[in-house]
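Accompanying notes for the structure given below.
The values are calculated or read from the model by the stated rules, or taken from the named source; none is laboratory data. Remember, it's a predicted structure, so these values are computed and weren't measured experimentally. Positions of Cβ are backbone-derived with ideal geometry, glycine not excepted, and every protein chain shown enters the neighbour counts.
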Amino acid sequence: MRDRAAIVFGLSLLVCAAIPLFGDNGERQLGLEFAATLTLATLWNLLAGYAGVISIGQQAYVGLGGYVLFALTVFAGMPVLAALPLAAAACGLIAMPAGRLLFRLRGPHFAIGTWVLAEVFRLSAAQVSALGGGSGMSLPIMSILAISHSRPQRLLDFYLLSAALALATSAAVAVLLRSRFGLGLTAIRDAEAAAASLGVDVMALKWIVYVITAALTGLTGALLFLQNVRISPDAAFSVNDWTANVIFIVVIGGIGRPAGPLIGCLVFFAFRAAFAGYGAWYLIGLGGLAIAMMLLQPQGIVGFVEAAWRRRAPARAGV
Amino acid sequence: MIGALDIVVQGLLVGGFYALFATGLSLIFGVMRLVNLAHGDVIVLGAFAALFLVQQTGVQPLLCVVLVVPLMAGLGYLLQRAILNRTLGANILPPLLVTFGLSIVIQNGLLLGFSADSQKLPMGHLTIVSVSLLPGLNVGLYPLGVLILAALVIGGLQMFLYRTALGTALRGTSDDPVTIRLMGIDNRHIFGIATALSFAVAGLAGVLMGGYGNFSPAAGPQNLLFGFEAIIIGGLGNLWGTLLGGMILGVAQAIGADIDPGYQVLAGHIAFLAILLAAPRGLFPRMA
């Protein structure tokens with residue numbers, strides 16, 4: 001029953017993922033947005049759900065990745081595809097000292113500290129006139145055309161890149177969690193003090209996860225703004241777009257659950273498609289849904305389904 | 001020379017606002033280890049409550065404090081009993097995520113009720129009166145009054161926490177939430193009282209801020225960050241340190257603003273990060 005459901009679900013996902021290949025520009029755009037959001041949610045789930053690192057400032061690296069890509073393309077004349085990995089590397093490098101500094105703040109204070117860092121990046125970007133100040137900058141048309149002259153083809157390329165990144169990130173996180181490293185992380189999630197007393201270097205693990213997620217978050221940001229062609233400080237470092245939505249997705253899907261980000265993304269995009277037209281009411285509904293989920297069903301939809309399965313088939317649940 | 005002194009004095013004066021932003025945040029963290037990510041939005045909610053009263057009745061904005069502060073306290077108590085108490089525990093994630101969701105809900109609720117426009121409470125000439133200390137050095141009476149009020153609020157809270165039975169219960173709950181229940185004290189009620197106090201100070205801060213600078217539904221997070229920075233600069237758990245932390249943050253911002261108005265907020269954030277680097281426990285850590 002459970003296996004069959006998983007297979008049907010997996011197949012329908014594959015069909016959905018194939019739609020943008022044959023679809024129009026709008027479907028490709030939606031597909032790449034979905035893939036990028038799934039990547040961000042998977043990374044945030046790794047941070048908060050496994051490493052116990054709660055950041056509300058991941059927009060720092062979405063924006064930084066985007067700006068590094070634009071700067072390398074505009075000032076160094078680099079082809080955008082070559083600039084993508086460099087944007088990720090820059091985010092990882094910046095995250096190393098930034099993480100060391102922010103981890104001086106404990107638990108909930110770390111969370112606000114990450115927000116301060118993102119604000120520092122946003123306000124700094126707005127002050128640099130070479131980056132266009134508060135109004136931002138655009139990619140030169142030549143570097144866009146170098147990818148492809150046809151817009152549908154470009155969108156298809158971007159979709160494939162985003163989908164590959166989402167798949168690679170999900171696979172990397174899954175492999176990571178099964179490794180010795182992941183065992184340490186899971187131990188931190190379940191009982192931080194006990195993990196520390198058994199020899200897990202909690203702070204070092206948290207720092208490594210913070211740096212890795214920063215690099216991949218930066219890569220996602222670079223991709224997002226590459227297809228957007230324009231970048232500005234408020235859009236690049238938006239807490240609502242890159243962190244609030246992602247947190248809601250992970251909470252609704254199931255925090256600390258491998259399938260949580262994917263299920264959360266599906267619910268989020270459906271909810272958005274149905275209600276985004278209601279503006280502020282839509283955001284109130286989304287925030288309210290996340291609050292209700294945290295209070296009533298803290299394991300999210302995935303946790304709820306798992307528990308329901310266990311009730312229906314107690315013999316298969318094992319010990 | 002007078003110019004430099006003037007920048008420092010203006011910065012110190014603004015510190016009163018930041019100390020008021022920080023006090024409510026620090027209080028509930030001290031009592032129940034809860035960081036309310038919606039605290040800045042609660043402050044803005046207080047300002048909008050006053051704006052609503054002024055629009056409806058035409059009353060002088062400062063008088064709104066009489067109504068806004070108890071209303072906010074009641075709201076805080078109810079929120080703690082109905083929602084936040086259920087999130088408390090060893091895991092720091094639920095309270096953070098629930099208050100983050102609350103922040104989005106408050107911001108968008110205010111957006112629906114009042115639009116995204118920037119607002120200001122019509123305080124009249126109250127906010128522009130100043131006394132001249134030296135030629136070229138004027139001290140605004142309004143921010144000076146706010147600074148004194150912030151000191152009074154902090155002094156009053158210290159008196160409450162250390163001299164009254166309820167305050168002792170609050171500190172006891174903070175020190176040992178299990179043992180305190182053996183003394184017949186209901187934690188849930190004590191936590192409710194703490195949040196009521198936090199919201200009351202936030203409401204007061206909101207009205208005072210609303211008459212001095214502009215505010216909009218989106219202004220909450222910035223207030224949260226300023227209050228948070230004042231707490232960490234001053235040293236966690238030290239309310240007088242928080243007042244000084246607010247003043248230091250104000251001075252950093254004033255120096256930034258003097259270089260370029262665009263650097264005002266940025267300079268405050270950078271000063272915060274620099275102090276975190278140099279003195280991780282803050283400048284005035286509480287003695288163990």
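For the reader, a short list of remarks on this structure follows.
- Hey, A:A222 more than 13 Å from every other protein chain (Cβ to nearest Cβ) and either surrounded by fewer than 24 Cβ atoms within 10 Å (Cβ to Cβ) or not in a helix (DSSP H, G or I) (or both) or not: no
- Being assigned to a loop (DSSP other than H, G, I, E, B) and at pLDDT 95 or above is a property that B:L53 lacks.
- Test: B:G237 is touching a residue at least 60 places away in the same chain (Cβ under 8 Å), more than 27 Å from A:N240 (Cα to Cα) and within 14 Å of chain A (Cβ to nearest Cβ): yes
- Candidates are the residues of region B:266-279 that are in contact (Cβ under 8 Å) with a residue 40 or more places away in the chain and under 13 Å from A:E119 (Cα atoms); the one that is nearest to the other protein chains (Cβ to nearest Cβ) is B:H269.
- The single condition among (1) among the polar types (S, T, N, Q); (2) part of a helix (DSSP H, G or I); (3) out of contact with any Lys or Arg (no Cβ under 9 Å at 6 or more places or on another chain) that B:Q80 does not meet is (3).
- Verdict on A:A204 being under 18 Å from the mean Cα position of the chain (by Cα) and not β-branched (V, I, T): no
- Yes/no for A:P298 being surrounded by 15 or more Cβ atoms within 10 Å (Cβ to Cβ), outside any helix (DSSP H, G or I) and more than 18 Å from the chain's Cα centre (by Cα): yes
- Any hit, region A:237-244, residues being free of Cβ contacts under 8 Å to residues at least 60 places away in the same chain, in a helix (DSSP H, G or I) and over 19 Å from the mean Cα position of the chain (by Cα): no
To keep it simple, each residue is scored yes or no on (1) crowded, with 16+ Cβ neighbours inside 10 Å; (2) under 22 Å from the mean Cα position of the chain (by Cα).
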| residue | (1), (2) |
| --- | --- |
| A:V68 | yes, yes |
| A:G77 | no, no |
| A:L81 | no, yes |
| A:A90 | yes, yes |
| A:R100 | no, yes |
| A:L105 | yes, no |
| A:S138 | no, no |
| A:L155 | yes, yes |
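- Residues that are of a type in the set (D, E, K, R), within 28 Å of B:G15 (Cα to Cα) and assigned to a helix (DSSP H, G or I) occur in region B:171-192; there is at least one.
- Given (1) touching a strand residue (DSSP E or B) at 6+ places or on another chain (Cβ under 9 Å); (2) of a type in the set (A, V, I, L, M, F, W, C); (3) loosely packed, with under 13 Cβ neighbours inside 10 Å, index of the condition B:L134 fails: (1)
- Residue that is nearest to A:P258 (Cα to Cα), among those in region A:185-200 that are more than 22 Å from the chain's Cα centre (by Cα) and of a type outside the set (A, V, I, L, M, F, W, C): A:D190
Here is a yes/no grid of residues against (1) within 14 Å of chain A (Cβ to nearest Cβ); (2) assigned to a helix (DSSP H, G or I); (3) without any contact (Cβ under 8 Å) to a residue 12 or more places away in the chain; (4) closer than 25 Å to B:V42 by Cα:
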residue: B:L224; (1), (2), (3), (4): yes, yes, no, yes
residue: B:F228; (1), (2), (3), (4): yes, yes, no, yes
residue: B:T242; (1), (2), (3), (4): yes, yes, no, yes
residue: B:I248; (1), (2), (3), (4): no, yes, no, yes
residue: B:Q264; (1), (2), (3), (4): yes, yes, yes, yes
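- Residues of region A:215-228 that turn out to be touching a helix residue (DSSP H, G or I) at 6+ places or on another chain (Cβ under 6 Å), more than 20 Å from A:L167 (Cβ to Cβ) and not aromatic (F, W, Y), as a count: 0
- If the condition is being at the interface with another protein chain (Cβ under 10 Å from one of its Cβ atoms) and either of a type in the set (A, V, I, L, M) or outside any helix (DSSP H, G or I) (or both), then region A:84-102 contributes A:A98, A:L101, A:L102.
- Among the residues making up region A:114-135, those that are out of contact with any Phe, Trp or Tyr (no Cβ under 8 Å at 6 or more places or on another chain) and small (G, A, S) are A:S124, A:A126, A:S129, A:G132, A:G133, A:G134, A:S135.
- Number of the condition not met by B:G40 [criteria: (1) crowded, with 16+ Cβ neighbours inside 10 Å; (2) over 19 Å from B:N214 (Cα atoms)]: (2)
- Taken over region A:301-314, the criterion of being more than 14 Å from chain B (Cβ to nearest Cβ), more than 22 Å from B:V105 (Cα to Cα) and either assigned to a helix (DSSP H, G or I) or basic (K, R) (or both) is satisfied by A:V302, A:F304, A:V305, A:E306, A:A307, A:A308, A:W309, A:R310, A:R311, A:R312, A:P314.
- So B:G203, is it more than 12 Å from chain A (Cβ to nearest Cβ), under 13 Å from the mean Cα position of the chain (by Cα), closer than 30 Å to B:G89 by Cβ and in contact (Cβ under 8 Å) with a residue 60 or more places away in the chain: yes
- Answer residue from region A:134-151, given it is assigned to a helix (DSSP H, G or I) and touching a helix residue (DSSP H, G or I) at 6+ places or on another chain (Cβ under 6 Å) and is modelled with the highest pLDDT among those: A:G134
- Remark: A:L105 matches the filter, which requires a residue to be within 14 Å of chain B (Cβ to nearest Cβ), outside any helix (DSSP H, G or I), without any contact (Cβ under 8 Å) to a residue 60 or more places away in the chain and not polar (S, T, N, Q).
- Considering (1) of a type outside the set (A, V, I, L, M); (2) touching a residue at least 60 places away in the same chain (Cβ under 8 Å); (3) over 30 Å from A:L102 (Cα atoms), the lone condition that A:S148 does not fulfil carries the number (2).
- Cβ-Cβ distances below 8 Å connect the following pairs, each with a first residue in region A:257-282 that is assigned to a helix (DSSP H, G or I), a second residue that is charged (D, E, K, R), and a separation of six or more residues or different chains: A:Y282/A:R272.
- Put simply, of A:A276, A:A236, A:A292, A:A214 the only residue that is in contact with a Phe, Trp or Tyr (Cβ under 8 Å, 6 or more places away or on another chain), within 14 Å of chain B (Cβ to nearest Cβ) and of a type in the set (A, V, I, L, M, F, W, C) is A:A276.
- B:A47 vs. criteria away from chain A (no Cβ under 14 Å), at negative phi, of a type outside the set (V, I, T) and part of a helix (DSSP H, G or I): yes
- Residues satisfying the stated conditions in region A:121-136, i.e. within 14 Å of chain B (Cβ to nearest Cβ) and either of a type in the set (S, T, N, Q) or crowded, with 20+ Cβ neighbours inside 10 Å (or both): A:F121, A:R122, A:L123, A:S124, A:A125, A:A126, A:Q127, A:S129, A:L131, A:S135
- Among the conditions (1) surrounded by fewer than 17 Cβ atoms within 10 Å (Cβ to Cβ); (2) of a type in the set (G, A, S); (3) within 18 Å of B:N223 (Cα to Cα), the only one that B:A271 does not satisfy is (1).
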